Each structure stands twice: as C-alpha cells, then as structure tokens.
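Trainee: The structure's right below; bear with me while I get my questions together.
The values are calculated or read from the model by the stated rules, or taken from the named source; none is laboratory data. This one's a predicted model, so the numbers in the text were calculated from it and none came from an experiment. Cβ atoms come from the backbone with ideal geometry, glycine included; neighbour counts cover every protein chain shown.
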C-alpha cells in the first residue's frame, strides 16, 4: 500500500483511521492548553555585551584603559561580525555581534574567557566586568512603582532590593528584576591620613589587603558522615562590625581596620531618579526568561505582588504599564479572525456544494487539520503568537481545498449512478496524485519562509511550521477521512435533486467568452467592427493574409484575457515597489515612549527639572492618563546578568500611557506627531 491508494485502504478499514484522528485531536487539544502565549516568537540575538563600571572615570580614560583592551581581547574570536563600544562617564559597554547560527553559549563563554585574560590589565578600581547575552525578552514586560509615606528613599530602595526582587525572582519564568530610582547601599571606609602615616602604611596597601582577605574561596572536598562534601573557605565580612575588626598587616604586626579610619554603612550618591505623574517614586521592571510564556509569567508575578501588597499595608505597589495586555488582545483578535475565517469558509462551501452532508464532510477537515498542528508546534518548542496564528489564519481556507476536490469527485461518480461506497473508492484513487501535487505546491510556497537569513528568518520559523504542518494534515484528512466519510455518509442519489444555481449560466457564458475560438467575431457593436475592417484595409475577404491574421488576433478573446492578466501582473509589481517596508508594523498600543538627552555636563537635578517640564505639558493633554519617567541610570538589576547600572544623568526615558482608544480623539501616531512642536518648544 502506498499513499496514493491509501484512500481505498481507509474506506475498507475505518476503525484505525478514526482512532488515529481521535488520538491526534486529543494530543492537539492537550498541547494547545500547554503552549506558551507570547506577542512574538522568541529570537536568539547573536550579541554579547561586556559592561565595565569604573565610578567617576572620564570617558577618555575608559576608552584607552578599558574599551580598547576589551575590543582587542575579543577581536580574535571566531565568527565575530561587528564590535561596537559605547563609553559614558563611569561605564564602558562593548557589544560583540557574531554571525547568525553561532552557538551563543560557546560564544558567551569565549568572551568571558577573553575578558578574564585581560582582567589584570584593567584599572584596579573597576568593578567585575558584567558579561551577558542580549535577549529579545530582556525588555521588561511589566513596570511597577512602589510608594511608602513612612519610609525614607533608602529604606524603600532596600525593600525593593531585598524583599520584592527576591520574591519575584522565585517565580518560575522571571529572569530579571531591575530597579529605577532610589539609592544603593554602600559600605564606606574613610581612612585617616594621620593614622596611616603614624602606622607607616599607605591607602593602596590597605585596599590590597582588603581585596585579598575579604573573599570566599573553594577549599576542596572532604568526607563527612560517609558522604563527600564540598569545603568552602569563607573570608568575607558579614557585618560592618566584622569589617571593622579586619586585621591589616603593618611592619611585622597587625592593626585593626577601625584603627586606621572610620567604617560607615551608608548610601551611595543618587545617580538615577524615577517619577510617576511628577511624584518621586522607586520603580522596578520584570523581565521574563526565553522559553517562558509572557502571559503565564505576568499572572504569576501579579499574584505574588498582590500577596506581598496584602502583607505590607504600609507599602503601595501600583502597576505602571505592561505589554501583556497587548499580547492578550492580539491573541484574541487572531483567534477571532481564525474562527471567523473558518465560518466563512464553511458558508462558501455550503453555497457551492448546496448539500449539508457534503459540506460537513469537507468542513471537518479544518478542525482536524488545525488541532493536530498544535501538537507539532508544542513538540517543536513554538508558541502561540501573532506570527503562528497569522499562518493558521491564512491557511484556514486552504485546508478545505483538498477535501472539496475529493468530495466533489465522489458526488460526480454518484450522479453517474454508482453507489457511495464504490464511488468513493474510484473517485479518491482518480485524483490522488493531483491532491498530493496541490499540497506539495503549497508546502513549497510556505516552507522557504522558515529558511530566510537574518533575524527575519528566525521570526518566520513559527510561520513556516504552522502553515506547512496544517497543510500536510489537511492532505492526510483528504486522503483518508474524507473518502471514508463520503463512502458511509453520502446518499445514493446525492446531488441529483439539485439544479444548477442561478449564477451558473452567466459564469459559463463568461468562461465561453474567455475561451472563444481564435478568429471568432466578438459580440461588439457593428460600427466598431466596420471601423476595424476599414482600418485594416477593407472587408476580410479582400485583406492580405498578414492583415487577416492580425484581425484574427484582435478578435481572439483569449488574447484579451491574457493581455489583461499580464497588465495586472505588471501593475501589481509596480505597486509592490511603491509600498513602504518595515520589520514590525506600527500599531496603536495606547502607550508612547520618549527619550531625551541633554548636553554633556548636565546634572541629575537639571535633567529632572527638564523632565518635569515635559511631564507638565504631557499631563495637560486630554489623551494622556499617566506618565512614568526614568531619569539617569537604572540603578540595579537582579537575576542572571544583573548588576549595577551606569547610565548618564543627562539622559531620561518617559513612558506615556494614553487613554483607551475609544476615549480619545487622536490615535497614538497622531498624538506623537501633534506633541512634537510642544516638545521642541519645551
């Protein structure tokens, strides 16, 4: 048995086919409820970023002492495409872009090893370099602000760092929690020059001794209670009191660190500030991990935040913005479009087949092709997103094509007087190759979208998988279940009681015109035909053979049809070249972002004052509901790749939340264009 005559086998053995589709349906439904729901597919960006922070260092010093060393160390790595460094006051950021298809885990480890090789050449007072991959999901999907009238900014910052971040990082799927505004805890050691001189020690020697003593090191392995345990040598101070008692070797003896100066548990200089509707707050954003569902992670974090909010009545946690609403709205819109398309396809099939039995047999191909597709998507690690649902929406009408061809051929055989059972066997075998060729053509159209190069290719992998798999399942339905149902559900007089519909005669007349014989005179007014005769040299019988052939071509309807087709093709190509191109279409998400940058040398207070002026103008607009401002650096991030942030105090980002679309007269794009002149004046 081959796939061509599998229809005959299915008709003669219905139970295995029915069981097969029951299993596929159950597997598809189970996978549908397990699939991740995101706005777009997860994309692996081949970029690794190295961030080195040296507090107070000038950009020129960082460029020569840090950036160039980092660039030289990674330049020799394999498959490096571009290296870009950005130097700000106190921070150097080097982005290494690799060729597509590189093993990102190996590339990240190679960069880490290369940076470790030049670590000793970097300035002694730089913090440990932060090496992390740039991920498509690193942008926070939800932002919150925390307010507590009874807490100082230091206490509120510590609450976010010590309580909020730890609790949220324990939620499955959360990769990072980043804080905006607030301050960082800092242990300051203020050495007394007079005491240093009296003991004969320098500040550099004290710093070196603290670095060498205040560390934790591995201590090997040991057997304890019959089991092998790892041993760690703990040397770091856990409290300020322990740090004060640290012994510093001085000229053959040891001196307490507290005898050389003062040690204070204080807060660092504020390098960033967050405001919500003009009020200073401490904010934080939550990022999800690659491979997690944005919707599920949001609901889990929201539940955790609500529990913490109930436990701490003195603290108010308010959501500023989240992209999950856009994901849910896009998902529901895509599902509605998919269901509407399926319904319209069924209605069209009913209009043309004019029989509910035949329509049912053809229409059942849609759910039995779509539902198993979710199972394959789950096995392939895909998610329900705009791209994959777009693929299913585009193919929903195509899924019934093979079934319609099968059922229409069966009905034709029944009209010829055959019983449904033998009619189904003969009809299915007749068109087996044609149906498979049609499906192969569709797969050949959709499959290349998953092999496009670059980021776009990664973006459309889910499109290719969803489209190709659903079309292949429709072929399986058409070659097995459709003939099976036709053999057992159709009646012996199927289709004989129906007359041709009213539109059949005009359609056949138009088709006959398009396929008219060459040289046949068109049904045109007599005056135009006579004018053509005169223009081509008189009546047809007196024309030369060449002119007679020209006249025959002008009267050949097929030439006119082909000519119009060629004209429309050329015109379509012309219009396609005039269309604008973009990676992701602009949509109204009721949220605008604004970035400002002031001249070098601007202080944090001056940037804050400029942001408040812009905030005042924004709040005057009837379309705006709230404004969240992040001024200066994002202070700290918790989670894999997290660390101290180091942005410039002369930069700020504003998130402008607009009212729902139905409550404002302007669209998001119109609002942004309309606010431009006001922003320039401010």
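Trainee: Restricting to segment 249-303, give me the number of residues that are crowded, with 16+ Cβ neighbours inside 10 Å and over 38 Å from the mean Cα position of the chain (by Cα).
Mentor: Residues that pass the stated criteria total 7.
Trainee: Would you confirm whether or not segment 41-52 contains a residue that is part of a helix (DSSP H, G or I) and either closer than 30 Å to residue 331 by Cβ or at pLDDT below 85 (or both)?
Mentor: Checked segment 41-52: no residue is part of a helix (DSSP H, G or I) and either closer than 30 Å to residue 331 by Cβ or at pLDDT below 85 (or both).
Trainee: A follow-up question, please. Filter segment 87-97 for residues that are without any contact (Cβ under 8 Å) to a residue 60 or more places away in the chain and within 30 Å of residue 269 (Cα to Cα); which is surrounded by the most Cβ atoms within 10 Å (Cβ to Cβ)?
Mentor: Checking each candidate, the answer is 92.
Trainee: From the list 60, 84, which one is exposed (fewer than 15 other Cβ atoms within 10 Å of the Cβ), at pLDDT below 90 and out of contact with any helix residue (DSSP H, G or I) (no Cβ under 7 Å at 6 or more places or on another chain)?
Mentor: 60
Trainee: With a cut-off of at least 2 residues that are at pLDDT 80 or above and touching a strand residue (DSSP E or B) at 6+ places or on another chain (Cβ under 8 Å), name the strands (runs of 3 or more DSSP E) lying wholly within segment 192-308.
Mentor: The strands (runs of 3 or more DSSP E) meeting that bar are 247-250, 253-256, 261-267, 272-276, 279-288.
Trainee: Quick check on this structure: which one of 334, 383 is touching a helix residue (DSSP H, G or I) at 6+ places or on another chain (Cβ under 9 Å) and touching a residue at least 60 places away in the same chain (Cβ under 8 Å)?
Mentor: 383
Trainee: Scan segment 69-78 for residues that are surrounded by 14 or more Cβ atoms within 10 Å (Cβ to Cβ) and assigned to a loop (DSSP other than H, G, I, E, B) and jot them down.
Mentor: 77
Trainee: Any residue at all in segment 471-479 that is over 30 Å from residue 38 (Cβ atoms) and assigned to a helix (DSSP H, G or I)?
Mentor: Yes; the residues of segment 471-479 include at least one that is over 30 Å from residue 38 (Cβ atoms) and assigned to a helix (DSSP H, G or I).
Trainee: Determine which member of the set 23, 115 is part of a helix (DSSP H, G or I), farther than 30 Å from residue 599 by Cβ and in contact with a helix residue (DSSP H, G or I) (Cβ under 7 Å, 6 or more places away or on another chain).
Mentor: Being part of a helix (DSSP H, G or I), farther than 30 Å from residue 599 by Cβ and in contact with a helix residue (DSSP H, G or I) (Cβ under 7 Å, 6 or more places away or on another chain) holds for just one of 23, 115, which is 115.
Trainee: Answer yes or no as to whether residue 350 is within 30 Å of the chain's Cα centre (by Cα) and surrounded by fewer than 21 Cβ atoms within 10 Å (Cβ to Cβ).
Mentor: Criteria not met by residue 350.
Trainee: Could you figure out which of (1) assigned to a loop (DSSP other than H, G, I, E, B); (2) more than 15 Å from residue 70 (Cβ to Cβ) isn't true of residue 127?
Mentor: Exception for residue 127: condition (2).
Trainee: Any idea which residue in segment 309-335 is surrounded by the fewest Cβ atoms within 10 Å (Cβ to Cβ), counting only those that are out of contact with any strand residue (DSSP E or B) (no Cβ under 7 Å at 6 or more places or on another chain) and not in a helix (DSSP H, G or I)?
Mentor: 313
Trainee: Tell me which residues, restricted to segment 45-57, are surrounded by fewer than 17 Cβ atoms within 10 Å (Cβ to Cβ) and touching a strand residue (DSSP E or B) at 6+ places or on another chain (Cβ under 8 Å).
Mentor: Passing the criteria: only 45.
Trainee: Follow-up question, since we're still on this one. Kindly indicate whether residue 66 is outside any strand (DSSP E or B) and surrounded by 19 or more Cβ atoms within 10 Å (Cβ to Cβ).
Mentor: yes
Trainee: Scan (1) more than 26 Å from residue 38 (Cβ to Cβ); (2) surrounded by fewer than 18 Cβ atoms within 10 Å (Cβ to Cβ); (3) at pLDDT below 85 for the single condition residue 430 breaks and write down its number.
Mentor: Looking at each condition in turn, residue 430 falls short on (3).
Trainee: Picking from 145, 126, which residue would you name as being in contact with a strand residue (DSSP E or B) (Cβ under 6 Å, 6 or more places away or on another chain), surrounded by 15 or more Cβ atoms within 10 Å (Cβ to Cβ) and modelled with pLDDT of 85 or more?
Mentor: Criteria check complete, one pass: 145.
Trainee: Can you tell me which condition residue 106 does not meet? The list is (1) assigned to a helix (DSSP H, G or I); (2) buried (at least 17 other Cβ atoms within 10 Å of the Cβ); (3) not assigned by TED's automatic domain parsing to the domain that holds residue 437, and all the others hold.
Mentor: With (1) assigned to a helix (DSSP H, G or I); (2) buried (at least 17 other Cβ atoms within 10 Å of the Cβ); (3) not assigned by TED's automatic domain parsing to the domain that holds residue 437 applied to residue 106, the lone miss is (2).
Trainee: Filter segment 149-177 down to the residues that are assigned to a helix (DSSP H, G or I), in contact with a helix residue (DSSP H, G or I) (Cβ under 8 Å, 6 or more places away or on another chain) and within 17 Å of residue 289 (Cβ to Cβ) and list them by number.
Mentor: Matches in segment 149-177: 167, 168.
Trainee: Using the structure shown, decide if residue 457 is over 15 Å from residue 361 (Cβ atoms), in a loop (DSSP other than H, G, I, E, B) and assigned by TED's automatic domain parsing to the domain that holds residue 371.
Mentor: Against the criterion (over 15 Å from residue 361 (Cβ atoms), in a loop (DSSP other than H, G, I, E, B) and assigned by TED's automatic domain parsing to the domain that holds residue 371), residue 457 does not qualify.
Trainee: Considering only residues that are modelled with pLDDT of 50 or more and surrounded by fewer than 20 Cβ atoms within 10 Å (Cβ to Cβ), which ones fall in segment 616-647?
Mentor: 616, 617, 619, 620, 621, 622, 625, 626
Trainee: Scanning segment 354-385 for residues that are in a loop (DSSP other than H, G, I, E, B) and in contact with a strand residue (DSSP E or B) (Cβ under 8 Å, 6 or more places away or on another chain), which turns out surrounded by the most Cβ atoms within 10 Å (Cβ to Cβ)?
Mentor: 385
Trainee: Hey, another quick one. Taking the stated definitions as given, is residue 100 touching a residue at least 60 places away in the same chain (Cβ under 8 Å), surrounded by fewer than 20 Cβ atoms within 10 Å (Cβ to Cβ) and farther than 26 Å from residue 58 by Cα?
Mentor: Judged against the criteria, residue 100 is a match.
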